[in-house]
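The values are calculated or read from the model by the stated rules, or taken from the named source; none is laboratory data. Keep in mind it's a predicted model, so treat the numbers as computed, not measured. Backbone-built Cβ (ideal geometry, glycine too); neighbour counts: all protein chains shown. For accessibility, only protein heavy atoms count, side chains too; no ligands or nucleic acids. Shrake-Rupley method; radii C 1.70, N 1.55, O 1.52, S 1.80 Å.
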Amino acid sequence: ALYYLLANTTPDSGWAVGPCGLTLCYAGHVFWDSDTWVYPALLLLHPRRARSLVTFRDRTLAAARSRARALGFAGAMFPWESDPYNGSDQTPASARALSLSEIHVNAEVSIAQWQYYLATLDRTWLRTHGWPVIRAVARFFASRVKYDARTHRYEILHVTSVSESHGNIPNDTYTNLVAAKALHIAAAAARVLGVPGDPRWSRIAAAMDIPLAPGGRHHLPYQESGAAAAGQAFGGGPLPLLFLPALDLRMSQVLWQGDYDVAVRPVPMAHFAKFSMGILPCVAAADIVGRGAAAGQCLRLYLTGGTLKPPFDVRTETAGNNVGPFLTGSGGYLQSLLFGLTGLRIRHSGLVDAYTAVLPRGWHSLMLRDVHFRGQRLDITLMRGANGRVRLKRRVL
């Protein structure tokens, strides 16, 4: 998996990566896959290559600003499918609706920028490269939301869900949560740099409408959806993607468990394995709720579910797809090991043990070699003790 990521990225270039790399699949266009699936898999292991992916968004910021203005919004609106040369919108006519309404990509661009800062604490980079992108995304969402005086909430209407079978919907939970995170990030970045921010950013983020089931024990996919999980994308609809490590959404353990119980646990594991993008939310969700055996089952099925194709172990998007290497799936698999099993998250306080580490049944240990974080190089080991508990140890190289 790492080989395919390294073969399709390069350090210090400012070039992002398409879902299928240098092949013709998806025409080489840059999607959110680059920011949320491939980039986090490289950030701790090959940070110079990871930096190229976030630099791409800085390099193409002017095009995203121009697009936002043309559509009547402030800030920057990154395309659903970006031209890898200049960042212009190259979404084909068949997916035009996604280009206009699947706007979660903007938040994921901002989240990736902030991750790079948190992993390096490079304020010079943040001021000159990350901050312009983060600020522009926050301005976009501040202009895109609508205030509902009846509920005293901010809404984002007429969007396509991350689970693309749901279009023109109000208050998609995934979109609203990541938009709120992008607004919080902008406020935090302004504080770090000591520059003026917009006081509306924190206010909007705190009052974003996040659809919950009666009793508040789990999320709904979107407002008035009337179901805990809808559709089959990513296994159990859009809710499993709330567990993505790159997003590092913060919520109570009760809410995590509720989302797991309605959107992950009821879905047959074999269904997750049919889609390359199913493995990461499955493993990460199992770790967050402390189900090591379920995480192991996800990994095993992923290796045998039909998306890994001989003779060169090419990972395809689905079991029935043989178009080419799907780097999104490879990045997701690597993140399953780097963040899913370890419970590690990149936060301002460091590379923290946010969730209890787990190992699949029958695994005694797992070592992550030569991890780069804030100028240090580490080996990180998960080890199962005699009592069955998994411990995480770090060794500075």
Unmet criterion (only one of (1) open to solvent by 60 Å² or more (accessible area, probe 1.4 Å); (2) aliphatic (A, V, I, L, M); (3) on the phi < 0 side of the Ramachandran plot) for LEU121
(3)
Condition test on ASP209, is it of a type in the set (Asp, Glu) and either open to solvent by less than 10 Å² (accessible area, probe 1.4 Å) or in contact with a Lys or Arg (Cβ under 6 Å, 6 or more places away or on another chain) (or both)?
yes
Identity of the residue in the stretch 124-136, touching a Phe, Trp or Tyr at 6+ places or on another chain (Cβ under 8 Å) and in contact (Cβ under 8 Å) with a residue 60 or more places away in the chain, that ends up farthest from LEU183 (Cα to Cα)
LEU126
Residue list for the stretch 309-324, filter: assigned to a strand (DSSP E or B) and surrounded by fewer than 20 Cβ atoms within 10 Å (Cβ to Cβ):
LYS309, VAL314, THR318
Would you kindly identify the helices (runs of 4 or more DSSP H) lying entirely within the stretch 58-158 that contain at least 3 residues that are among the aromatic types (Phe, Trp, Tyr) and within 25 Å of ARG191 (Cβ to Cβ)?
104-120, 131-144
Regarding the stretch 325-340, can at least one residue be identified that is more than 28 Å from TYR117 (Cα to Cα), outside any helix (DSSP H, G or I) and touching a helix residue (DSSP H, G or I) at 6+ places or on another chain (Cβ under 6 Å)?
yes
Qualifying positions in the stretch 39-52 - closer than 15 Å to SER330 by Cβ and open to solvent by 10 Å² or more (accessible area, probe 1.4 Å):
LEU45, HIS46, ARG49
Considering only the stretch 376-397, state which residues are open to solvent by 50 Å² or more (accessible area, probe 1.4 Å) and without any contact (Cβ under 8 Å) to a residue 12 or more places away in the chain.
ALA386, ASN387, ARG389
When the stretch 4-24 is examined, which residues are found to be out of contact with any Ser or Thr (no Cβ under 8 Å at 6 or more places or on another chain) and assigned to a loop (DSSP other than H, G, I, E, B)?
ASN8, CYS20, GLY21, LEU22, THR23, LEU24
May I ask you to list the residues in the stretch 135-191 that are among the polar types (S, T, N, Q) and surrounded by 18 or more Cβ atoms within 10 Å (Cβ to Cβ)?
THR160, SER161, SER163, ASN171, THR173, THR175, ASN176
Name the single residue, out of those in the stretch 162-196 being among the charged types (D, E, K, R) and in contact (Cβ under 8 Å) with a residue 60 or more places away in the chain, that is nearest to ILE210 (Cα to Cα).
ASP172
Residue satisfying condition, being among the β-branched types (Val, Ile, Thr) and either without any contact (Cβ under 8 Å) to a residue 60 or more places away in the chain or open to solvent by 10 Å² or more (accessible area, probe 1.4 Å) (or both), within set THR55, THR36
THR55
For the stretch 58-105, which positions are touching a strand residue (DSSP E or B) at 6+ places or on another chain (Cβ under 9 Å), open to solvent by 10 Å² or more (accessible area, probe 1.4 Å) and within 24 Å of ALA7 (Cβ to Cβ)?
GLU81, ASP83, PRO84, GLN90
Those residues of the stretch 357-367 which are in contact (Cβ under 8 Å) with a residue 40 or more places away in the chain and crowded, with 16+ Cβ neighbours inside 10 Å amount to ALA357, VAL358, LEU359, PRO360, TRP363
What are the residue pairs meeting all of these: first residue in the stretch 287-307, first residue over 24 Å from LEU392 (Cα atoms), second residue open to solvent by less than 20 Å² (accessible area, probe 1.4 Å) and of a type outside the set (A, V, I, L, M, F, W, C), Cβ atoms under 6 Å, and 6 or more apart or on different chains?
THR307/SER276; THR307/ARG315; THR307/THR316
Can you find a residue in the stretch 25-38 that is farther than 24 Å from PHE243 by Cβ, outside any helix (DSSP H, G or I) and either among the aromatic types (Phe, Trp, Tyr) or in contact with a Lys or Arg (Cβ under 7 Å, 6 or more places away or on another chain) (or both)?
no
Which of the residues spanning the stretch 334-356 are charged (D, E, K, R) and open to solvent by 30 Å² or more (accessible area, probe 1.4 Å)?
ARG347, ASP353
Working carefully through the options GLY331, GLY305, find the one that is over 23 Å from LEU44 (Cα atoms), of a type outside the set (Val, Ile, Thr) and out of contact with any strand residue (DSSP E or B) (no Cβ under 8 Å at 6 or more places or on another chain).
GLY305
